[in-house]
Amino acid sequence: MLLSRRTLLAAIGITLVVPPSIAHAAVQGEVQLGDWERYYLGLDGGAHQRALTALGIEHRDGVRADEPYRLVPLRDVVRAAVDHGDHAAADLLRERLSLDTPSMLGRGLKLIFGQDGLEERYLDDPALQLRVIGHLPRHRGRSFALPESVRKAIRAAA
């Protein structure tokens, strides 16, 4: 199974680091679905799948998009985060727009492993990704919604 990147949760006190004029320009690009799904951890309560469905993106396995190289407008990623609470979308936008928001992926990995600072390693380490898969069944019931503070930061940038 080819793994992507993942995400999870946020906190209070979100600050926009990028000036709105720059952020608006950044939201006009496109992103490959595979890059978006790099941040997907599976603890967003099905928000990612609801977003894919709403955007008309097929995901026959019920989890990930069928076409990882397909390009989607960043404005659709914004909709996925704001309208559906997609943690992967929130983290992709956090990275692309330099938002000062907590890493949802980092929060999820802390939930699973009990330690901070694993998100960068996770994105590039297949062994860690496999460990996560092994631990996910015990944590499926611990999913939670995207905090409103993250949604507000994304809305302000978009």
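The values are calculated or read from the model by the stated rules, or taken from the named source; none is laboratory data. It should be emphasised that the depicted structure is a prediction, and the values quoted were computed from it without experimental measurement. As a convention, Cβ positions derive from the backbone with ideal geometry for all residues, glycine included, and neighbour counts pool all protein chains shown.
Please go through the range 109-158 and give me each residue that is assigned to a helix (DSSP H, G or I) and of a type in the set (Ser, Thr, Tyr), ordered by number.
Correct list: 122, 149.
Please enumerate the residues belonging to the range 115-148 that are in contact with a helix residue (DSSP H, G or I) (Cβ under 7 Å, 6 or more places away or on another chain), touching a residue at least 12 places away in the same chain (Cβ under 8 Å) and not charged (D, E, K, R).
Scanning the range 115-148 gives 118, 122, 129, 132, 135, 139, 146.
Name every residue in the range 27-65 that is over 21 Å from residue 144 (Cβ atoms), modelled with pLDDT of 95 or more and acidic (Asp, Glu), in order of residue number.
30, 35, 58
Could you please find all residues in the range 94-108 being of a type in the set (Gly, Ala, Ser) and crowded, with 24+ Cβ neighbours inside 10 Å?
The answer is 103, 108.
Limited to the range 129-158, what total is found for residues that are among the aliphatic types (A, V, I, L, M), more than 22 Å from residue 101 (Cβ to Cβ) and surrounded by 13 or more Cβ atoms within 10 Å (Cβ to Cβ)? Break it down stepwise before answering.
Taking the range 129-158 as the starting set, the residues that turn out to be among the aliphatic types (A, V, I, L, M) are 130, 132-133, 136, 145-146, 150, 153-154, 156-158.
From what is left, the residues that are more than 22 Å from residue 101 (Cβ to Cβ) are 130, 133, 136.
Now drop any that are not surrounded by 13 or more Cβ atoms within 10 Å (Cβ to Cβ), which leaves 136.
Count: 1.
Being outside any helix (DSSP H, G or I) and within 20 Å of residue 136 (Cβ to Cβ) is the filter here, so list the residues in the range 43-59 that pass it.
Residues of the range 43-59 that are outside any helix (DSSP H, G or I), as a first pass: 43-46, 55-59.
Listed by number, the residues that qualify are 43, 44, 45, 46, 59.
Could you please find all residues in the range 28-79 being of a type in the set (Ser, Thr, Tyr) and in contact with a Leu (Cβ under 8 Å, 6 or more places away or on another chain)? Write out each step before concluding.
The first filter runs over the range 28-79 and keeps only residues of a type in the set (Ser, Thr, Tyr), leaving 39-40, 53, 69.
39, 69, listed by residue number.
Of all residues in the range 68-95, which are in a strand (DSSP E or B) and over 15 Å from residue 158 (Cβ atoms)?
Of the range 68-95, the ones in a strand (DSSP E or B) are 71-73.
Within the range 68-95, 71 is the sole residue that qualifies.
Within the range 139-146, can one find any residue that is polar (S, T, N, Q) and more than 23 Å from residue 52 (Cα to Cα)? Outline the logic, then answer.
Initial filter on the range 139-146 (polar (S, T, N, Q)): 143.
Narrowing the set further to residues that are more than 23 Å from residue 52 (Cα to Cα) leaves none.
No.
Can you report the number of residues in the range 71-93 which are basic (Lys, Arg) and either exposed (fewer than 15 other Cβ atoms within 10 Å of the Cβ) or without any contact (Cβ under 8 Å) to a residue 12 or more places away in the chain (or both)?
Step one: filter the range 71-93 for residues basic (Lys, Arg), giving 75, 79.
Add one more test, that the residue is either exposed (fewer than 15 other Cβ atoms within 10 Å of the Cβ) or without any contact (Cβ under 8 Å) to a residue 12 or more places away in the chain (or both), and what stays is 75.
Residues meeting the conditions: 1.
Check off (1) surrounded by fewer than 18 Cβ atoms within 10 Å (Cβ to Cβ); (2) of a type in the set (A, V, I, L, M, F, W, C); (3) farther than 28 Å from residue 74 by Cβ for residue 111 and give me the number that stays unchecked.
Of (1) surrounded by fewer than 18 Cβ atoms within 10 Å (Cβ to Cβ); (2) of a type in the set (A, V, I, L, M, F, W, C); (3) farther than 28 Å from residue 74 by Cβ, only one is false for residue 111: (3).
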